[in-house]
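Chemist: Pasting in a structure now, in structure tokens, and then I'll have a few things to ask.
Derivation of every value follows stated rules applied to the coordinates shown; laboratory data play no part. For clarity, every value in this text was computed on a predicted model and none was experimentally measured. Cβ coordinates were reconstructed from backbone atoms using ideal geometry, including for glycine residues, and neighbour counts include every protein chain displayed.
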Amino acid sequence: MRRIREIEGLRAFLALWVLISHVLGAAGYTSEIAEGLPQLLILGNYAVDIFIIISGFVIFLLIDQVRGNYSTYITQRFFRLYPLLFVLFLVAVVLAPLEMENITQSGAYLTEKNIEKLTYKLDIRNDWLGFNILTHLTMLHGMVAEKWVPFVPGAFLGPAWSISLEWQFYLVAPLLFSLAATRGRFARLGVIVACLATYIIARKLLPRVEYGAFLPFHIEFFFFGACSYFIYRHLHNSVIKPDFLFPTAMATVVMIYFTSGHDFRLFPIAVWLVFFALMLEPKESLSHRFIAPLFLNRISLWLGKVSYSIYLLHTLVITLISSVLLSYFDLARGDYVSILFVSTLIFTTLFSWLTYRYIEKPGIILGKKLSSRFNTGRFK
């Protein structure tokens, strides 16, 4: 499959954003007590939304360009996600008592209300240990509503809720692509109407799922990514005037931000709009020459390659480092968050390289080997 290197670099920044948000959260910083850029950094869920848009784009690109049937596709997707999730979830279960101990020792940084809330959540998680393990091993833990069993999607390994969301999308993406790519206008309109109806029904009728980890609750972001792919396929070989799309997208986003009263809720879509415009800019444009290197330098590309490990692993590193800092040091909040961030960044990067090399990459290779026996034609 043809890789779009700018997307690899963007993943690096998004993974680091999520890492920063969890470090700030561990030190008691919340979006309610911050404004501007600090508040945005705390809202790491927006980075996850952008990840989801990217997934909609990349999976449709993969389905369109890679030959193979459904068995080939889903086998490779399974082994892309599952090995690392399986290992790190088991590690998270082992570290669960340490996480609970950290919460009880965080009185200098967390409010009493937050400590009670987190302690209750962790107690419920432990009470349903067997159920949590079973659902995570199927990667369908994101489909469990809170009224059935509370706090399942983010149990033990918090970021894993979005991996279940990804897996749910992977299961249905080939069907959606087949309908959207058909020449029949009614099939395409049907997909659009179905996505819109799913979006509305999820918010009106479906029971609440933690983090919105059930596909209908995030269908709009996959939809934006998938639609972007069809636009990209149509335009990327066209003659586009340099320095038009990217500056226009930037100006549009800035105007929307100020006219909406500095509201960040549309930020994920705004970031993707600007980045997508950059992807379509001709290579000789000033926009591409000056902005694209942020995503195409060696560091960004390397971090992007291991971004899945960074994303899943960093909360475990935070648990370990927090345990040391809380047990042996009495730090002011500013010092605590600074040391926690630097240490987490260093050790997460190191461990992510190891997990990529010894878990992720072997899993990808194994998935390709196993799926080769199913490779008898295009998606069916």
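Chemist: List the chymotrypsin sites (Phe, Trp or Tyr not before Pro) within segment 254-329 that DSSP assigns to loop and that have no more than 12 neighbouring Cβ atoms inside 10 Å.
Modeler: Filter output for segment 254-329: 329.
Chemist: Let me ask something else. Per the helix-only calculation at 222 nm, which mean residue ellipticity applies to the chain, given -39500 (n - 2.57) for every DSSP H run of n ≥ 4 and division by its residues, nearest 500 deg cm²/dmol?
Modeler: Numbers: 18 runs with 271 residues, N = 380.
That calculation yields -23500 deg cm²/dmol at 222 nm.
Chemist: Moving on. Please work out, to two decimal places, the log10 of the ratio I(q)/I(0) at q = 0.13, 0.23, 0.26 Å⁻¹ from a Debye calculation in which every Cα of segment 205-281 carries one identical scatterer.
Modeler: At q = 0.13, 0.23, 0.26 Å⁻¹ the computed log10 ratios are -0.53, -1.08, -1.18.
Chemist: About its Cα centre, what dipole magnitude does segment 5-374 give when the only charges are +1 on Lys and Arg Cβ and -1 on Asp and Glu Cβ, stated in debye to the nearest 20? Write out the running numbers ahead of the final one.
Modeler: On the way: 29 positive and 23 negative charges, 329 e Å.
Rounded to the nearest 20 debye, it is 1580 debye.
Chemist: Also, quick follow-up: Which of the trypsin sites (Lys or Arg not before Pro) across segment 230-335 are loop residues per DSSP, with 11 or fewer other Cβ within 10 Å?
Modeler: Values: sites: 233, 265, 283, 289, 298, 305, 333; in loops: 265, 283.
Loop-located and lightly packed - 265, 283.
Chemist: Pick from 266, 61, 326: which is most flexible by mean-square fluctuation in a GNM of the chain where alpha carbon atoms under 10 Å apart are linked?
Modeler: 266
Chemist: In addition: Semi-axes of the equivalent ellipsoid for the chain, please: Cα gyration tensor eigenvalues, times 5, square-rooted, ordered largest first, whole Å.
Modeler: Details: eigenvalues 228, 132, 91 Å².
For the chain, the ellipsoid semi-axes come out as 34, 26, 21 Å.
Chemist: Which of the residue pairs 121/147; 113/147; 147/204; 117/204 have a Cα-Cα distance greater than 18 Å in the structure shown? Each step should come with its number before you reach the end.
Modeler: Numbers: 121/147 14 Å; 113/147 22 Å; 147/204 16 Å; 117/204 27 Å.
Over 18 Å Cα-Cα: 113/147; 117/204.
Chemist: So which helices of the chain fit the span-like rule, where a helix is a whole DSSP H run, its Cα atoms reach 27 Å or more along the axis, and its mean Kyte-Doolittle is at least 1.6? Please report the intermediate quantities before stating the final value.
Modeler: On the way: long enough: 5-26 (33 Å, 1.04); 45-65 (30 Å, 1.75); 70-94 (36 Å, 1.32); 161-181 (29 Å, 1.17); 185-204 (28 Å, 1.11); 307-328 (31 Å, 1.46); 333-355 (31 Å, 1.10).
Membrane-span-like by this rule: 45-65.
Chemist: Now a separate question. Where the centroid of each part is defined by its Cα atoms, how far is segment 253-302 from segment 32-89 in Å?
Modeler: 19
Chemist: Which one of 240, 106, 314 has its Cα pushed farthest toward the positive end of the charge dipole of segment 5-374, where Lys and Arg give +1 and Asp and Glu give -1 at the Cβ?
Modeler: Of the listed residues, the answer is 240.
Chemist: For the chain, set up a Gaussian network in which alpha carbons nearer than 10 Å are linked by springs, and say which option among 43, 303, 196 fluctuates the most.
Modeler: 196
Chemist: Hand me the trypsin sites (Lys or Arg not before Pro) from segment 146-188 located in a DSSP loop with no more than 12 other Cβ atoms within 10 Å, in residue order please. Could the numbers behind the result be given before it?
Modeler: Details: sites: 147, 183, 185, 188; in loops: 147, 183.
Hits after loop and neighbour filter: 147, 183.
Chemist: Among 23, 139, 160, whose Cα projects farthest towards the positive end of the dipole of the chain, with charges put on the beta-carbon of Lys, Arg (+1) and Asp, Glu (-1)?
Modeler: 139
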